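Below is one structure, written out as structure tokens, with a few remarks after it.
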Amino acid sequence: MTPLQNSLTTFITFLSDNWTAGLEILILATLLYYGYLYIKRIQGAQILIWVGLTFLTLTFVSQILDLAILNWLLKNVSAFLAMALVIIFQPELRRALNEFGIHRFFTSASQRREAIEDLTNLVFDLSAKGFGALIALERDMSLNAFLDTGIKIDALFSKELITTIFYPKTLLHDGGVIISDGRILGAGCIFPLSQRDNLDRTLGLRHRAGLGLSEETDAITLVVSEENGNVSICHGGIIERDLNEEEFQKCLSQLVLREGSEPQNF
């Protein structure tokens with residue numbers, strides 16, 4: 001048997017004897033990766049990470065140095081700590097269960113298109129009324145940093161509620177609304193203005209804010225001009241202006257449904 005054949009035989013034997021361990025590592029790595037991605041999105045993530053690292057460090061030290069009292073204390077405190085974290089992060093846990101639940105995986109394409117139609121009707125109703133609007137649809141990247149600049153709402157998506165928010169005489173009509181997973185998370189939020197020099201000088205602050213947010217995140221921003229009622233969509237640092245209802249719905253459908261890939265929730 002040649003050295004190459006011997007090495008190949010050894011490798012195959014190793015895989016057959018240890019494939020279950022490799023599978024466990026792959027599953028754990030996947031869970032940790034997606035857990036980390038979600039923790040990054042929730043408010044108070046730094047506190048949660050700090051508490052977790054502190055607890056793991058103390059547990060490791062107590063086991064290595066055989067600190068009986070500390071080990072006993074950690075074991076008895078862990079249950080209360082877990083309960084406290086569940087209470088503190090209850091809204092985030094509820095949202096996580098909603099994201100990974102039945103609704104996320106089994107929502108039909110017709111229901112997703114219905115949501116797009118609702119947004120289309122909302123935007124052009126605002127345009128017809130002469131209400132300026134700035135709406136951000138959160139996707140993979142968290143918008144919590146921008147949510148903290150406004151007023152948190154956390155309500156189910158409602159055309160009537162958003163229309164009320166953008167009514168010109170309300171205190172929140174000048175800021176942006178953030179929508180995620182079918183919920184209005186906040187209003188009156190401040191988005192970063194695009195600093196590009198090559199922009200059309202006729203673009204107002206709403207358009208620059210919508211474009212700026214799309215440059216820094218993967219969010220889709222919908223903009224309604226208060227001056228002329230024109231409707232625009234910003235995504236990936238691109239602004240598509242002066243869309244009619246058919247063009248708007250087609251563009252939003254392409255961005256949200258992403259043919260050939262997993263649909264994006266908002």
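The values are calculated or read from the model by the stated rules, or taken from the named source; none is laboratory data. Remember, it's a predicted structure, so these values are computed and weren't measured experimentally. Virtual Cβ from ideal backbone geometry, glycine too; neighbours counted across all protein chains shown.
Is it true that residue 72 is modelled with pLDDT of 75 or more and out of contact with any His (no Cβ under 7 Å at 6 or more places or on another chain)?
yes
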All helices (runs of 4 or more DSSP H) inside segment 100-147 with 2 or more residues being modelled with pLDDT of 90 or more, within 17 Å of residue 206 (Cβ to Cβ) and in the same structural domain as residue 253 (by TED's automatic domain parsing): 109-129
Yes/no for residue 170 being closer than 16 Å to residue 116 by Cβ, of a type in the set (S, T, N, Q) and assigned by TED's automatic domain parsing to the domain that holds residue 147: no
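Going by what's in this entry, would residue 241 be described as basic (Lys, Arg) and either buried (at least 18 other Cβ atoms within 10 Å of the Cβ) or at pLDDT below 90 (or both)?
No, not satisfied.
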Complete set of residues in segment 208-252 that are touching a residue at least 60 places away in the same chain (Cβ under 8 Å) and in contact with a Cys (Cβ under 6 Å, 6 or more places away or on another chain): 210, 221
Of all residues making up segment 156-186, the number that are surrounded by 15 or more Cβ atoms within 10 Å (Cβ to Cβ) and in a loop (DSSP other than H, G, I, E, B): 6
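Of 246, 226, 259, which residue is modelled with pLDDT under 95, among the acidic types (Asp, Glu), part of a loop (DSSP other than H, G, I, E, B) and within 19 Å of residue 112 (Cβ to Cβ)?
Only one candidate qualifies: 259.
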Filter result (part of a strand (DSSP E or B) and either among the basic types (Lys, Arg) or buried (at least 22 other Cβ atoms within 10 Å of the Cβ) (or both)) within segment 187-213: 187, 189
Within segment 214-223, tally of residues that are outside any helix (DSSP H, G or I) and surrounded by 22 or more Cβ atoms within 10 Å (Cβ to Cβ): 5
